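For reference, the structure is listed below as C-alpha cells.
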Amino acid sequence: MEILFYILAVIAGAVIALGIYIPVRKSMLKGQKEEIIRKAETEAENIKKEKIFQAKEKFLQLKTEHEQYINEKNKQLQEGEARLRQKENAVNQQNSELGRKNKEADAIRENLKNQVEIATRKAEDYERLRQEAIRQIENIAGMSASEAKNQLMENMKAEARSQAQSYINDVMDDARMNASKEAKRIVINTIQRTATETAIENAVTVFNIESDEIKGRIIGREGRNIRALEAATGVEIVVDDTPEAILLSAFDPVRREVARLALHQLVVDGRIHPARIEEVVAKVQKQLEEEILETGKRTCIDLGIHGLNIELVKLIGRMKYRSSYGQNLLQHSREVANICATMASELGLNPKIAKRAGLLHDIGKVSDEDPELPHAVLGMKLAEKYKERPEICNAIGAHHEEIEMTSIISPLVMVGDAISGARPGARREVIESYIKRLKDMEGIAQSYKGVTKSYAIQAGRELRVIVGADQVSDQDAEALSGEIAKKIQDEMVYPGQVKITVIRETRSVAFAK
C-alpha cells in the first residue's frame, strides 16, 4: 500500500509539475519571440538606413562625375572655338595678303606691258636703222649682204681648215716621234719588273733507287712487271747499267710523273706484281688529278685571280706538266699574266682583266677537246664555254692572230706572249715539233674502233696500241697493226721507221662472295 501511495504521489507530482511547466514555457517562448522580432526589426531598420546612405553616396558620386564630364566637354568646346577663331583670323590675314599681292602683280604686269611696248618700238627702230645701214654698206661695197656673208664664211672656213690641218700635222709628227719611244719604254719597264726563271724540260725523268737489286724486282719474272708498268702508264722504262738509276722516257710529262710516283710507292711498299702495279697506277693517277687541281688553285691565288670555273682551274694545273717549245707552260702563262698586268697598268687599263687573259691564253694546249683546232681558237671556245668575259675570250683567240682583235687587251696578250717566249733559252723549237709528232701518232691509233690506249715510246720509234679483247679478235689485231702502219706512213713525216705493236689481252674476273 505504501508503495502504491508513493507511486501515485510521484505521478501526481509529475502531473502538477507538468501543468506548471507548460504555461511557464509558453510564457518564456512568447517573450523570446517578441525579443527576436524586435531585434529583427531593429536590424532591418539599420540595414535600410545603411542602404539609403549608400544610395545617396552613389548618387552624389555619379552627380560629381557627370558634372566633371560636362565641364570637360565644355572646356573642349571652348578650345575648339578658340582654334576656329585663330584659323579664321589666319585665313583673313592670308586673304588680305593675297589681295595685296594680286594688286602688286597687276602693277608688275602693267609695268612689263609698258616695257614690252617700249622694247618693241626700240626693236623696230633698230631694225629700221640696221636695214638703212645695210643699204648704205651695199651701196659703198657694191655687193649684197648675203653675198658678203657667204664670202666671209668661205674665208673663215678656209682659215679654219688650214689651222686644223696644221694642228693635225703637228700632232701626227709628235705621235710618230714619241710612239716608238713610249712603246719601247713600256716594254722595257715590263721586262725589268718581271722576274722569270729559265726552265727547259726534256722527255726523260731519272728515277733514283738505293741499290741495283731493286732493278730485278722492277723487271720481274720474264719481264712481266716492267711490261705491266709500261702498259699501265704508257712510259718506256729503261733499265740499263746506269748505277742506282732507272730512266723513264715519255714525251708527256704527266705520264712520266705518274710512272715516277707509282714506282716510288711500289719500291717503298716492296710488293711489285702486275695486279699491284695496276692498283698503284690508278691510285697515283687520282692523286695527281687532285694535285693538278691544287696547283691550279694555288696559281690563281698567287696571281690574285678569282671566280674562275673549276674546269679552267684544272686546265691551269695541267699546264705544270706541259711544255711549249721546251718552256714550261705554267711558268710561261704566269709570266705572260704578269707582263700583261704591268703593261695594262702603264697604259691606264684594267690590270686584273689583262692578267686573267694572260694566264688563260694557252689553255687550248692542255685541252683534249677538238685537237684539230688551233690552240688559240680552242682556248677561246673553252673560255666562252665557261662564261669568261668577251674581251678575255677575244684576247685568247687573237693572240696568234687567228681571229680579228676586238679588245684593247688582245694586243697586250700577244705582246706578252712574244716577250715571254723570246727570252734567250726560253724555248726550243725542236722539242715542240717532236712532241706534236708523237701526239699525232697516238691520235691516229686512237681513231680506230676498239683501241683503248695508245702510247708512243722510244722517241717515236715504237707505237704500242692496246685494244679491248671483247671488241678486237686476234685476226683483227694483226690487220689493225698493218692499217695503222699504212696510215702513219701516208699522213706523217718522221725519221727512220716506226714499229706498231698491237697488244690484246684476255682477262677473266670473278668474285667470291
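Before moving on, here are some points about what is shown:
- Residue in the range 346-354 that is in contact with a Gly (Cβ under 9 Å, 6 or more places away or on another chain) and within 16 Å of residue 394 (Cβ to Cβ) present: yes
- Filtered residues of the range 271-281 (kept if open to solvent by less than 70 Å² (accessible area, probe 1.4 Å) and in contact (Cβ under 8 Å) with a residue 12 or more places away in the chain): 272, 274, 277, 280, 281
- Checking each residue in the range 61-97 for being among the aliphatic types (A, V, I, L, M) and either in contact (Cβ under 8 Å) with a residue 12 or more places away in the chain or open to solvent by less than 100 Å² (accessible area, probe 1.4 Å) (or both) picks out 62, 70, 82, 90, 91.
- Check on residue 256, under 45 Å from the mean Cα position of the chain (by Cα), open to solvent by less than 30 Å² (accessible area, probe 1.4 Å) and of a type in the set (Lys, Arg): yes
- Restricted to helices (runs of 4 or more DSSP H) entirely inside the range 243-361, those with at least 2 residues that are of a type in the set (Lys, Arg) and modelled with pLDDT under 85 are 253-269.
- The sole residue among 296, 304, 348 that is within 18 Å of the chain's Cα centre (by Cα) and either at positive phi or hydroxyl-bearing (Ser, Thr, Tyr) (or both) is 304.
- For residue 320, the conditions (1) more than 30 Å from residue 447 (Cβ to Cβ); (2) open to solvent by 60 Å² or more (accessible area, probe 1.4 Å) are fulfilled apart from (1).
- Selection over the range 392-425 of residues that are at pLDDT 90 or above and either open to solvent by 30 Å² or more (accessible area, probe 1.4 Å) or part of a loop (DSSP other than H, G, I, E, B) (or both) gives a count of 0.
- Filtered residue count, the range 119-147, keeping only those that are loosely packed, with under 10 Cβ neighbours inside 10 Å and either at pLDDT 85 or above or of a type in the set (Ser, Thr, Tyr) (or both): 1
- Cβ-Cβ distances below 6 Å connect the following pairs, each with a first residue in the range 192-217 that is among the charged types (D, E, K, R), a second residue that is surrounded by 12 or more Cβ atoms within 10 Å (Cβ to Cβ) and at pLDDT below 75, and a separation of six or more residues or different chains: 201/323.
- Residue match in the range 449-464 (condition: without any contact (Cβ under 8 Å) to a residue 60 or more places away in the chain and farther than 21 Å from residue 230 by Cα): yes
The values are calculated or read from the model by the stated rules, or taken from the named source; none is laboratory data. Note that the structure is a prediction, hence the values are computed from the model and not measured. For neighbour counting, all protein chains shown are included, and Cβ atoms are generated from backbone atoms with ideal geometry for every residue, glycine included. Surface areas here come from the heavy atoms of the whole protein model, side chains and all, with no ligands, DNA or RNA. Shrake-Rupley method; radii C 1.70, N 1.55, O 1.52, S 1.80 Å.
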